[in-house]
Amino acid sequence: MPSLQSNDFELFDLPVQFAQDPAALDARWKELQREAHPDRFAAQGAAAQRVALQWSVRINEAYQRLRNPLKRASYLCELHGAPINAETNTAMPADFLMRQMELREALDDAETIEDLDEIASRSASNGREQLSKIEQMIDVKKDFQAAAQQVRSLMFIERFASEVDARIDQLGQ
């Protein structure tokens, strides 16, 4: 087994890239969990079980990062010296902000579930477009600074999508 300090990709024996096979990731997670399960170390005493528990926690944390595209992209950017810094770096391209403002205005004006579904659909499309750009920036161009900008944009889109979902839930009650 790799060390606890291995990066997530090393831990899961995966290529260090954005594109990942979800089925392979899930299978490897199950395999690692079986290997590190504390019950397998019961005969070796409490210390061995504590180490196994540390491994189990580390495996789960890595799995959560690798299976979520936004977290995986953020992690890859950080591994390559391009931290996201979403709290301090809020600069966005003007065309992106204009599209987001249009969606925000549409959300403010939305009165029906159908209106909200349309906005949710447009937002989901924007999210898919951002993911495609992120994959291109990371896996093809190896431009992690540009990818970090796309990740910040995707974070913005996902926050907006959760607001739309909340409005849909409100109207649906």
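A compact table of results
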| read-out | value |
| --- | --- |
| Pair list, Cβ under 8 Å, 6 or more apart: region 146-166 residue over 19 Å from Leu116 (Cβ atoms), other residue surrounded by 19 or more Cβ atoms within 10 Å (Cβ to Cβ) and at pLDDT below 95 | none |
| Subset of region 1-40 (residues that are hydrophobic (A, V, I, L, M, F, W, C), surrounded by 15 or more Cβ atoms within 10 Å (Cβ to Cβ) and in a helix (DSSP H, G or I)) | Phe9, Leu11, Phe12, Leu25, Trp29, Leu32, Ala36 |
| Some residue of region 106-116 being charged (D, E, K, R) and within 21 Å of Glu10 (Cα to Cα) | no |
| Single match in Asp21, Asp95, Asp39, Asp8 (criterion: among the acidic types (Asp, Glu) and touching a helix residue (DSSP H, G or I) at 6+ places or on another chain (Cβ under 8 Å)) | Asp8 |
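The values are calculated or read from the model by the stated rules, or taken from the named source; none is laboratory data. Model, not experiment: these values are computed from the prediction. Using ideal geometry, Cβ is built from the backbone for each residue, glycine included, and neighbour counts are taken over all protein chains shown.
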